[in-house]
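Single-structure report; data block below.
A short reminder: the numbers here are calculations on the coordinates, not readings from a lab. Values in this document were obtained by computation on a predicted structure and should not be read as measured data. With ideal geometry, Cβ positions are generated from the backbone for all residues, glycine too; neighbour counts draw on all protein chains shown.
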């Protein structure tokens with residue numbers, strides 16, 4: 001079996017740590033693994049399969065002989081170094097937003113648009129976490145009952161802003177319980193026992209960047225440039241799984257609840273959690289640490305004859321980031337792309 | 001100036017405490033104040049304007065000579081005792097869901113449908129907290145640009161389930177920070193660092209009771225039986241202010257963002273919090289303890305030519321419950337109903 005030289009840029013971050021776990025636990029066919037980070041992490045080592053691997057500095061020369069380069073070091077680093085990896089012959093799987101809307105870059109959720117990897121020109125982009133989680137619920141329906149419009153409100157975990165943001169949520173909760181003012185370093189607003197509009201920049205439309213990602217990326221991944229999407233993105237005091245309340249209007253007749261449940265339950269990477277009797281529905285604590293997204297609260301919209309409501313929860317670091325990127329690498333191998 | 005004999009059923013609860021604060025701070029023209037609760041609270045006293053008032057048992061004989069009876073002791077007590085208060089000559093302002101959809105009972109948000117109090121037959125109902133907060137954002141628009149359809153997702157605080165539920169959120173947060181399993185007594189699911197579908201019973205439509213209240217009460221209060229509403233109600237780890245993400249489709253052309261902002265800013269009981277530059281929008285910590293609901297994130301819906309998106313936050317115990325009930329009493333005096 002062929003083995004691959006893999007590089008991981010951003011090895012010391014929260015998503016990087018999950019990439020390493022996946023490469024280890026799933027026995028990725030590794031010829032070598034190169035850990036890359038910024039200069040200040042050089043000298044650190046990370047345990048991988050019982051070995052202490054050194055962290056090297058991410059530079060343009062980091063990718064000689066590399067087959068696959070995972071980038072999870074922020075958009076700036078991706079823009080600066082991804083082309084060097086491509087020139088060295090690697091396929092880049094980029095977790096940042098740097099190239100997602102580039103028409104030459106496939107934007108891929110393996111369960112949704114796997115064939116798009118075939119058209120890559122060196123870089124494949126991993127979608128935004130909220131987009132991936134939305135699509136895991138939307139696609140099983142859209143494949144059978146084309147979707148016309150989506151109204152989504154998110155309940156996003158602290159992890160989307162990194163490991164330090166997760167710690168900030170816990171530190172603030174402890175401070176507030178002790179009657180102290182919360183320390184704000186990562187988020188602009190108190191996050192513990194509070195929630196706030198996603199703190200990315202807002203453009204002239206009034207939408208913030210996170211919301212526009214959900215709008216644009218959903219259309220690109222589904223090859224549905226006319227699909228109408230509105231999103232409201234909200235940060236909530238949850239550690240690492242995002243939830244989304246989704247209203248879906250279909251082009252034609254809506255599926256029945258049973259039809260929608262069957263389609264969702266049959267879709268890979270999704271678990272139906274929809275028990276009205278026991279009030280058991282998707283919750284972030286249940287989605288945390290799981291590969292699958294949880295979908296439930298499926299019901300006919302009382303306000304529209306062609307719409308359904310549902311609720312989805314998915315681990316932001318796993319399917320929302322590292323797992324989806326890892327699955328893109330597996331897909332590249334399965335399809336003989338590398 | 002006329003003074004009124006007032007009774008408060010449910011004086012020892014979280015909403016009862018806010019009623020007492022309002023009666024005290026706003027100098028309600030009281031001839032007398034009778035505090036009522038269940039038998040197990042008899043013997044307790046509550047400080048009111050420097051006096052220790054005794055708590056008496058709520059019975060059918062509690063209302064002799066009473067002008068206004070506030071009920072905030074749960075739907076069961078309202079059903080059992082409200083008619084006794086009416087027979088004794090009182091006007092009942094009921095905070096429970098017992099009579100809200102009764103065609104003989106006005107359901108009133110004073111800023112929205114004040115004239116409805118004139119038709120009362122002894123009982124006036126205080127709407128559900130999520131409904132009131134939605135209407136404070138919706139009504140200023142609906143009055144000028146009639147609304148066709150609303151898609152709302154809530155972010156509901158623990159206080160909606162009472163004072164013990166607020167304590168449970170804090171206790172669980174402390175337990176989880178200490179690495180201990182969370183103690184679940186009030187809520188069926190972990191609430192700290194988690195969220196879950198509102199834990200009221202779900203009927204054959206798939207909607208839970210809280211969601212159906214938002215649908216039905218909104219129509220009744222606005223006298224708009226055809227208004228299309230879908231709601232998804234979610235409990236989040238916030239202490240006492242509810243937030244709601246609202247998508248509003250209008251019958252005709254939508255207002256511009258500036259027109260919508262002006263209408264909302266001019267509406268009594270609402271504060272416009274909508275600064276895109278500084279990312280300042282409604283947050284539950286800012287709504288907590290405030291009389292006004294905060295409205296912002298107003299933007300043209302990219303997915304629909306006749307729709308707007310917005311976000312609202314309001315104190316669940318104040319405008320969502322006690323304050324709205326208190327304002328109904330003020331309205332009764334202003335209109336000469338009592």
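Just a few scattered comments:
- Shape box of chain A [Cα atoms, principal axes, largest first, Å]: 58, 55, 42
- Rg/Rh ratio calculated on Cα atoms of region A:279-338 (Kirkwood radius): 1.18
- Average beta-carbon neighbours from other chains, 10 Å sphere, peptide A:29-42: 0
- Cα point-scatterer Debye curve for region A:210-338, base-10 log of I(q)/I(0) at q = 0.09, 0.16 Å⁻¹: -0.30, -0.97
- Relative contact order of region B:131-220, pairs being alpha-carbon contacts under 8 Å that are 6 or more residues apart, as %: 21 percent
- Here, P(r) means the percent of Cα pairs in each 5 Å bin from 0 to the largest distance; for region B:131-316 it is 1, 8, 16, 19, 19, 15, 11, 6, 3, 2, 0.
- Our summary gives chain B a relative contact order of 18 percent, counting only alpha carbon pairs under 8 angstrom and 6 or more residues apart.
- A Förster radius of 56 Å, combined with the Cβ-Cβ distance separating residue B:87 from residue A:118, puts the computed FRET efficiency at roughly 0.10.
- Two-decimal ratio, region B:118-191, of alpha-carbon radius of gyration to 2.2 N^0.38 Å: 1.64
- DSSP bridge analysis restricted to region B:131-316 gives an antiparallel fraction near 75%, rounded to the nearest 5.
- DSSP beta bridges fully contained in the protein assembly as shown are about 50 percent antiparallel.
- The protein assembly as shown - Debye-derived log10 I(q)/I(0), Cα point model, q = 0.05, 0.09 Å⁻¹: -0.26, -0.77
- Rounded FRET efficiency, nearest 0.05, which uses the C-beta distance separating residue B:306 from residue A:330 and R0 of 41 Å: 0.40
- Ascending count of other beta-carbon atoms within 10 Å, so fewest first, for B:326, A:155: B:326, A:155
- Extension gain for residue B:167 to residue B:258 (0.36 nm times residue separation, less C-alpha to C-alpha distance): 28.7 nm.
- Global size of region B:145-223: 16.2, 52 Å for Rg and Dmax (C-alpha atoms, Rg to one decimal, Dmax whole).
- Mean per-residue shielding of peptide B:265-278 is 1, counting Cβ atoms of other chains within 10 Å of each Cβ.
- Where only DSSP H runs of four or more residues are counted, chain A gives -8500 deg cm²/dmol as its mean residue ellipticity at 222 nm, each run worth -39500 (n - 2.57).
- Across the identical copies, how the residue A:278 labels are spaced - nm, sorted shortest first, 7 Å along Cα→Cβ: 4.9
- Residue order for B:193, B:28, fewest other beta carbons within 10 angstrom first, comes to B:28, B:193.
- The alpha carbons of region A:1-136 give a radius of gyration and a Dmax of 14.4, 41 Å, in that order.
- Over region B:59-158, relative contact order from alpha-carbon pairs under 8 Å, at least 6 apart, %: 22 percent
- Shortest-first nm distances, residue A:223 label point to equivalent points in other copies (7 Å, Cα→Cβ): 5.4
- Region B:6-45 and region B:277-335 have Cα centres spaced 26 Å apart.
- Chain B: most fluctuating residue of B:90, B:137, B:98 per GNM, C-alpha cutoff 10 Å: B:98
- Taking the Kirkwood radius as Rh and the Cα radius of gyration as Rg, region B:208-261 has a ratio of Rg/Rh equal to 1.03.
- Backbone N within region B:56-74 under 16 Å of label point (7 Å from residue B:30 Cα along the Cβ vector): B:56, B:66-72
- Where labels lie 7 Å past Cα in the beta-carbon direction, separation of residue B:47 and residue A:265 in nm: 5.9 nm
- Nm distances between copies for residue B:50, ranked from closest, using label points 7 Å along Cα→Cβ: 8.0
- Calculated FRET efficiency for the pair residue B:101/residue A:101, C-beta based, R₀ 41 Å, to 0.05: 0.25
- Taking the DSSP beta bridges with both ends in chain A, the antiparallel portion is around 50 percent.
- Among B:302, B:323, B:195, residue whose mean-square fluctuation peaks in a GNM of chain B (springs only between Cα atoms under 10 Å): B:302
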